Amino acid sequence: MRIWLVAGTTALILTPLAATLAGVSSIDVLLRTHFHFSATQIAEVQRGHAVSASLPGSMDREIVAAGAIRIEAPPEKLLALVRDIETFESGTGFVTTVRISNPPVIEDFARLQLPPGDVADLRRCVPGSCKLKLGRRDFDQLAAIDWNTGDANAKANQFARRMAFQMLERYQQGGAAAVGEQIDESPARQVAAEFTAMTKATPWVAVAAPDLSAYLTRYPKAAAPPGMEEYFYWSIVEFSGLKKTLRLNHVVFYPLTSGDGARWVLANRQIYASHYFQNGLELRLLVDDPAAVGRSHYLMVLNVARPDGLTGLFGPLVRYKVRSGSREALRKTLTGTKQRCEAPEPTR
């Protein structure tokens, strides 16, 4: 399964990205310098094995993972897979994945069913103390549910569908700031400001694709870079030992034209997560294999996430599970991605 994460990011970009992608040796430099991979790990990547590592974050509660793999297929094969997100995010760890229409409609969320534990938690939610992440508008709508009626659970799921739909509408109209602050815990969290700070502490995207960096932080006010494509989707994912989590995501495909072998940056921004994460950004860099241009490529993934406070008696345990699980999840995702990319095309 995939989760949103990345590294102690102020140290990740020591040289311009374009200067590090001129050949295999330069890819080695990128992995060694920015991902902190050892010579043994780099050799594993070159042999086509998935390697992932946890890296220090730019702040104590930031969780970071980096990974890489060599794929014997052109980058376009991976692009096609990620466009079909409902198939790509399926299998172990993925409960439901739905790509959202353009423009979105409430029916896009018809399959959204909260886990029973979340419905039970909603009954007890109040501003400043809630096990799900909710904003002020959400609490106002939640208060309208009569929990003493026989259809209370159905209304709770209707609430969740409407919340996700309206959240996406606000995001598309006014960006993360329009989504509003989350007041499920005290003090309230300013999600938009935190995402901007997190992105600034992750200079890889700004170096590789500065227009993309501006687009993500200023969306929807920033102009879309030429050749860019995007879509939105929601998913319910299950992380080993943790709660099933509803996520709302913004995916951006950004083409690179520098001529140094780097072909695409794929960004997956978390708009909302019902548990654990206040902000998340996943970056995939697709780089031609210099020894087999057009036939194979390197996939390098850098994920950064800032979880919520995770306080209380079990907070440290949850943080450990999230951190260690994210590294293992990334390794499995890289392996699964390679297998899907290298699978022969089905006969027609």
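None of the figures in this text is laboratory data; all of them are computed from the coordinates on show. The structure presented is a predicted model; accordingly, all values stated were derived computationally and were not measured. Neighbour counts are summed over all protein chains in view; Cβ atoms, including those assigned to glycine, are modelled from backbone coordinates with ideal geometry.
The length gained by stretching the chain between Arg111 and Gln190 to full extension, at 0.36 nm per residue less their Cα-Cα distance, is 25.5 nm. One chain, two ends: His49 and Phe94. Fully extended at 0.36 nm per residue, the span grows by 13.9 nm beyond their Cα-Cα distance. Figure legend: label point modelled 7 angstrom from the Cα of Glu169 along Cα→Cβ; residues of region 237-256 with amide N under 18 Å from it are 248-249.
Each Lys or Arg adds one and each Asp or Glu subtracts one; over the other residues with Cβ under 11 Å from the Cβ of Phe37, this totals -1.
Say R0 is 30 Å: what FRET efficiency, to the nearest 0.05, do Asp211 and Asn102 get from their beta-carbon distance?
On the way: r = 21 Å, r/R0 = 0.71.
Efficiency for this residue pair is about 0.90.
Relative to the present Cα-Cα distance, how much length would full extension add between Ala197 and Ala143 at 0.36 nm per residue of separation? Write down the numbers at each step before the final one.
On the way: separation 54, 0.36 × 54 = 19.44 nm, distance 3.29 nm.
That pair, Ala197 and Ala143, stretches by 16.1 nm at full extension.
Reachable lysines from Lys155, Cα under 30 Å, same-chain residues fewer than 8 places away excluded? Hits, sequence-local ones excluded: Lys131, Lys133, Lys243, Lys244.
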